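Notes for the one structure printed next.
No value in this document is a laboratory result; all are computed from the given coordinates. Just so you know, these numbers come straight off a predicted model, no measurement behind them. Reconstructed Cβ throughout: ideal geometry from the backbone, glycine too, with neighbour counts over all protein chains shown.
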Amino acid sequence: MTPAHTITARSALAMGLASLVGLLAFAWPLFVDSGTWLADSPDGPWFFALLVPLLLAVVVAEMSEGGIDAKTVALLGVLTAVAAALRPLSGGVTGFQPMFVVLIIGGRVFGPGFGFLLGATSMLASALITGGVGPWLPFQMIAAAWVGLGAGLLPRCRGRREVALLAGYGALSALAFGVLMNLWFWPFIATDGSIAFVAGDPIGQNLGRLLAFTVATSWGFDIPRALGNALLIAALGAPALRTLRRAHRVAAFAAAPTFTPPAIPATPATL
Amino acid sequence: MIRFENVTLTYPDAREPALRGVSLHIPEGELALVVGRTGSGKSSLLRAVNGLAPTFTGGTLQGRVTVDGRDTRTHPPRELADVVGVVLQDPRNGFVTEVVEDEIAYGMESLGLSTEVMRRRVEEALDLLGLNDVRQRPLRTLSGGQQQRAAIASVLAQHPRVLVLDEPTSALDPAAAEEVLAALQRLVHDLGLTVLMAEHRLERVVQFADRIVHVHGDGQVTDGLPVQVMADAPVAPPVVELGRWARWEPLPLTVREARRFAGPLRATLSALPPRPERSVIPPPAAPATVAEVKGARVQYGSHVALSGVDLRLHAGEIVAVMGRNGAGKSTLLRSLVGLTEPSAGQVRVGGQNPVELNGRDLTSTVGMVPQDPGDLLWNESVRQECIESVDADEARRLFEELAPGVDPAMHPRDLSEGQRLALALAVVLSAGAPLLLLDEPTRGLDYPTKHRLVGLLRRRAAAGGTIVVATHDVELAADVATRTVVIAEGDIVTDGPTRDVVTASPQFAPQVAKVLAPVQMLTVADVLAALPEAL
Amino acid sequence: MMRAPRATRALHPVAWWLWALALAAAASRTLNPLLLSAIIAVAALVVAARRSQAPWAASFRAFLVLGVAVLGVRLVFEALFGAPIPGTTLFTLPEVTLPEWMAGARLGGAVTVEALLAALYSGLQLVAILACVGAANALANPTRLLKSVPGALYEAGVAVVVALTLVPSALAHLQLIREARRLRGQPSRGITSVARTATAVLAGALERSLTLAAAMDSRGFGRLRPLPARERRITATLTLAGLISLLIGGFALLDASTAPLAAVALLTIGAALALIGLHRSNRRAVRSVYRPDPWRWPETVTVASGVIAAAVYTAAAVALPAEMLPVTNPLAWPALPLAPLLATLIAAAPAWVAPPVSSTSGKSTADPVASLAPNDHLPAKAVAA
């Protein structure tokens, strides 16, 4: 089906470049050389916390450069509301994250560009509602945007295989989201010692430390959460996909209106 | 001002065009009322005015629609925003912002008007629609009438020449509807606005109309003066039906006009011997109690929804519960089905506390159709909804009876409002509970569907069922209820036979009662029953 | 003679955020626990003086709690995984070495006061920064903040505004669906029920979005000023060049062999180009703002007080490194440098300078979740749901 938001070559390029910089903003501890400013100063994470909002702004501005039509904006707003309303239900040890299910299914049905926007707006809206706007927010926004984008880029298939694919993606993306947020959190919480990153070490060493850090902090949440997401998508996927596809059809993103002149030469209307 | 030139509108995937060869002209400053049955194409006609159909919906428009000289072919809806203001059904779904004032300014922000102009127009709009007291309030905390007026104000601020409204009063209680209609009346008279409005509750609006546009349902649209169109339209308010039956000329459209003719009829009727109390079945000596509410008190925060209500419901009764929005009607129904537990007092249905019932125990004791019947429907086809009911065959049979000829493969959300209510009713009724609760069942229903609903309810009651209907629709109450309960501020104010209650109060009196007062007759059917030889 | 009481109004949300970010920047320049405590106290003071009754005003406390939790984790991690710092041993944990695939990390061992204190100082810095951000959350009205979204991001901003408005009705609808399931005698627990309920809420929301879109379009949403293709190309080139420059600059930051100055230059140029691109895309929107929040002298003074603090701290970090970054080995009581302390006190100015808020402000435009009106068909139960 026609995506709700078409990604132009120009915005795809912007999205790709910004995503690379964004990835750098998460993963720099793994790659940084010793003796650089990033390695020596504690200000690195703050620098990136300023950079990522700029990246997001640039990408969203590029995506809306040609204008986003009312249908897409309304759909985006409504799905964002549902995702944000579901956020408080998330978390805990049970680890269901219905918000991610909305992102994934939304991205799948309405396309990668829409998924990207939905991820970013959902995180922002839920942070605004709960008064949780902090330095982590831009990173959560870009990571959730990637989750939505990825859902839109998954290969084509239908039926049971599609639900299985999405459930698998749900589990994987939950893990990836957890690892990314750990990466962001890492330099703050572990500044030195055996589970802190060591600038200039081989990447394998640093990955090992990250793994140790992850096991120590969030493994207990991340794995049940990944399983919970997969389960939820398995249970909810088929009807939710049908519901969204129906809405997609009714919204008629593709339908171009046609106007044809009157069959009979127009006469002044009679009363 | 609005001109349709030989317009044929076809939606994608539709076999038949929704509008066929429509030519129509609404001159400036007129209030035109669009009438027709549910699903006849009224909404399509309204949406074609500013090009929402087909620009938004897809499809083909043959012919030409112009508003104030602008062609919808070349002007998408957003470019017509300063000429046509559109208020769609249920304004709550169209609000973009949170607060009244911001909502009114929103459209002007899109037009890029200057701050000074916006300030001035917001004040104007607030005054015109009497919203100044609530300008800082969040929209969702407003009453239905205020919300509707806020929606009108928000399109009015763009200074359109034309206002298009889809069922502006269908969800409102009589007082709130009055507010909205009075505001519209003022706009037409003071500003010379052209208004095109669809409405099912003709008894409320027909007297304001300068012109009636009749959408026939087969794509044909005709228009004319109200008296001409009402003479043979299949949808007509009770006063018109009475006038047609009595062959009054010219046909009266208002109670006032009808009373001028009604003198002889009143005399004939009052000469008749007093009739027995209306009842579906002859009241048994000691009617069985189906449900009982004793001293029930319900409070939401600081708002008292019910303050110590006593009510006893008997087998075979049809009880209308009336009162303003927020008076406690819904809360009473909710406590009867156990969705709300009173903080004091008790509720017993069939001797049991409904709060403690679940699953089949609940559905076989009491059934309720909520305000939005769509909430009860979550499956993906009519067939599936029936299968998931307590008794699938019964549900199918009831649905066929209420809404004949619907494809069982249809998605419940594609049904018309009346069909959706029919499906929800069928699903609930199939459980066979002796007590049935309906919350505002006639919202958006046309007269024929209403008649079928009334027939069904009468048969249920005749079979010993008890029905409670919370409604604003005085005509429905007059038509079907044996007993009427009026609630205000969480208290029962009046409780008695419908005929006594509604004729005693001008607010709840149906049109026929107003025409014939002091003769106590509520509906045209009552008159017919009393005077069988007159025809 | 009595002066008339000052008129109440809300300070511009952007001013609050700039003040808070500047104060956070100041906190990032020091590890001195006394200065950090002073910053936390100033943030608390301003919040106490100028917050409204709105629900988001409670978030300052939540941020403090979060900060203390982070501090706790930090201390525990230091004890468990910290690199050994010689000094006064507080206690000794059994030592464990993790397997090679976890980088052979060492756990436990001697825990010294010096190590814990160092962790406490840097942890306190996080608490202070979180307190500043929490203050901004508590003081700035999120919906007003969205009004300041630049035109280039207009549509996304509208989507968020719509979402904030709709969350309460999404919650109310969730409650209605649950009730409807009860009315049909369906179970309200179990994964099928959750799935059914969620799908129904989704379906309702989607249906609503179409009406909303039609209403928005008929009210003029999305009118654009068509920009000439040349202008659009220039904007795109600027933006993309900016991103490329940021990317190269970012890699240069990682690389020890690149001159730091080159990296900074690339990043600065990249950010500037991206900002110019953003600014240029603002031009496409035909839009004006109704009653924009005014920017008057209290806004300027508020921002200035934060910026002064940030500037003094930055200068002090260079001039007085010993006081600003106290060492914990050997153990010593940290000094309290006067200039930064005064600057911190200046940053408390908004507690008086910012206009007072009315005691009821925020109540009417309260947080969408908490203010569901208890009317007939939206029972208070929906709030708890």
- When Lys and Arg each count +1 and Asp and Glu each count -1, what net charge do the other residues less than 14 Å away from B:V7, Cβ to Cβ, add up to? +2
- Query: Hey, what do the phi angles of the stretch B:497-513 turn into as Karplus ³J(HN,Hα) couplings, whole Hz, using 6.51/-1.76/1.60 and θ = phi - 60°, x for Gly and Pro?
  - Reply: x, 3, 4, 5, 5, 6, 6, 7, 10, x, 5, 9, 6, x, 4, 5, 4
- Query: Over chain A, what number does the Rg to Rh ratio reach, with both radii from the alpha-carbon atoms and Rh per Kirkwood?
  - Reply: 1.08
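Counting other Cβ atoms within 10 Å of each Cβ, which GluC sites (Glu not before Pro) in the stretch B:1-57 have at most 16 and sit in a DSSP loop?
Passing sites in the stretch B:1-57 are B:E28.
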- Message: Only four residue types carry charge here, +1 at the Cβ of Lys and Arg and -1 at the Cβ of Asp and Glu. Report the dipole size of the protein assembly as shown about the Cα centre in Debye, rounded to the nearest 20.
- Response: 480 debye
- So what's the angle, to the nearest 10 degrees on a 0 to 90 scale, between helix A:98-110 and the longest Cα principal axis of chain A? 50 degrees
- Neighbouring partner chain Cβ atoms per residue of B:376-385, average, 10 Å criterion: 4
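Per residue and in cubic angstrom, what volume does the convex hull of the Cα atoms of chain B have?
154 Å³
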- Task: Fewest Cβ neighbours within 10 Å first, please rank C:R296, C:R144, B:R140 accordingly.
- Result: C:R296, C:R144, B:R140
- Normalised by the number of residues in the stretch A:9-251, what is the relative contact order in percent for Cα pairs under 8 Å and 6+ residues apart? 25 percent
- Task: Only Cα pairs under 8 Å and at least 6 apart count here; give the relative contact order of chain B as a rounded whole percent.
- Result: 14 percent
- Folded to 0 to 90 degrees: helix B:392-402 orientation relative to chain B principal axis, Cα: 60 degrees
- For chain B, the longest principal axis of the Cα atoms and the Cα long axis of helix B:447-462 enclose an angle in degrees, to the nearest 10, of 10 degrees
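Restricting things to alpha carbons, find the Rg to Rh ratio for the protein assembly as shown using the Kirkwood radius for Rh.
With Rh from the inverse mean 1/r over Cα pairs, Rg/Rh is 1.01.
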- Query: Of B:L421, B:C386, B:A481, which is farthest along the charge dipole of the stretch B:289-522 in the positive direction, counting Lys and Arg as +1 and Asp and Glu as -1 at C-beta?
  - Reply: B:A481
- Note on the structure: Scalar couplings 3J(HN,Hα) for the stretch B:471-481 by Karplus 6.51 cos²θ - 1.76 cosθ + 1.60 (θ = phi - 60°), nearest whole Hz, x for Gly and Pro, are 7, 9, 7, 5, 5, 5, 4, 4, 6, 10, 7
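How would the stretch B:289-522 be classified by its alpha-carbon gyration tensor: rounded, prolate or oblate, with rounded meaning a/c under 1.5 and the a/b versus b/c comparison settling the rest?
Oblate, since a/c reaches 1.5 and b/c is not below a/b.
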- Query: Counting alpha carbon pairs within less than 8 Å and at least 6 residues apart, what relative contact order, in whole percent, applies to the stretch B:2-235?
  - Reply: 30 percent
- Task: Could you tell me which of the pairs B:K294/B:K514; B:K329/B:K514; B:K294/B:K329 are separated by over 23 angstrom between their Cα atoms in the structure shown?
- Result: B:K294/B:K514; B:K329/B:K514
- Message: Taking θ = phi - 60°, what integer Hz values does the Karplus form 6.51 cos²θ - 1.76 cosθ + 1.60 yield along the stretch B:139-144, in sequence order, with x for Gly and Pro?
- Response: 4, 6, 8, 7, 6, x
- B:L19's amide H: which non-local residues (gap 5+, or another chain) put their own amide H closer than 5 Å, with H modeled 1.01 Å from N in plane and none for Pro or chain starts? B:L9
- Task: Treat every Asp and Glu Cβ in the stretch B:2-235 as -1 and every Lys and Arg Cβ as +1, leave all other atoms uncharged, and give the resulting dipole magnitude about the Cα centre to the nearest 20 debye.
- Result: 420 debye
- Taking every other residue with Cβ under 12 Å from the Cβ of C:L35 and scoring Lys and Arg +1, Asp and Glu -1, one gets 0
- Task: Quick one: which residues, 5 or more positions from B:T494 or on another chain, have an amide H under 5 Å from its amide H? H modelled 1.01 Å from N in the peptide plane, none for Pro or chain starts.
- Result: B:V486
- Item | trypsin sites (Lys or Arg not before Pro) lying in DSSP loop within the stretch C:176-220, provided at most 12 other Cβ fall within 10 Å | C:R189
- Message: Net charge within 11 Å of B:A517 by Cβ-Cβ distance, Lys/Arg positive one each and Asp/Glu negative one each, not counting B:A517 itself?
- Response: +3
- Message: How would the stretch C:5-49 be classified by its alpha-carbon gyration tensor: rounded, prolate or oblate, with rounded meaning a/c under 1.5 and the a/b versus b/c comparison settling the rest?
- Response: oblate
- Note on the structure: Residues whose modelled amide H sits under 5 Å from the amide H of C:L90, counting only those 5 or more places away in sequence or on another chain, are C:V111, C:T112, C:V113
- Measuring from its Cα centre, chain C shows a charge dipole (+1 at each Lys and Arg Cβ, -1 at each Asp and Glu Cβ) which, in debye to the nearest 20, is 1920 debye
- MRE, 222 nm, helices only [DSSP H, n ≥ 4, -39500 (n - 2.57), over chain B, to nearest 500]: -10000 deg cm²/dmol
- Please compute P(r) over all alpha-carbon pairs of chain C, binned at 20 Å starting from zero, and give each bin as a whole-number percent. 19, 44, 33, 4
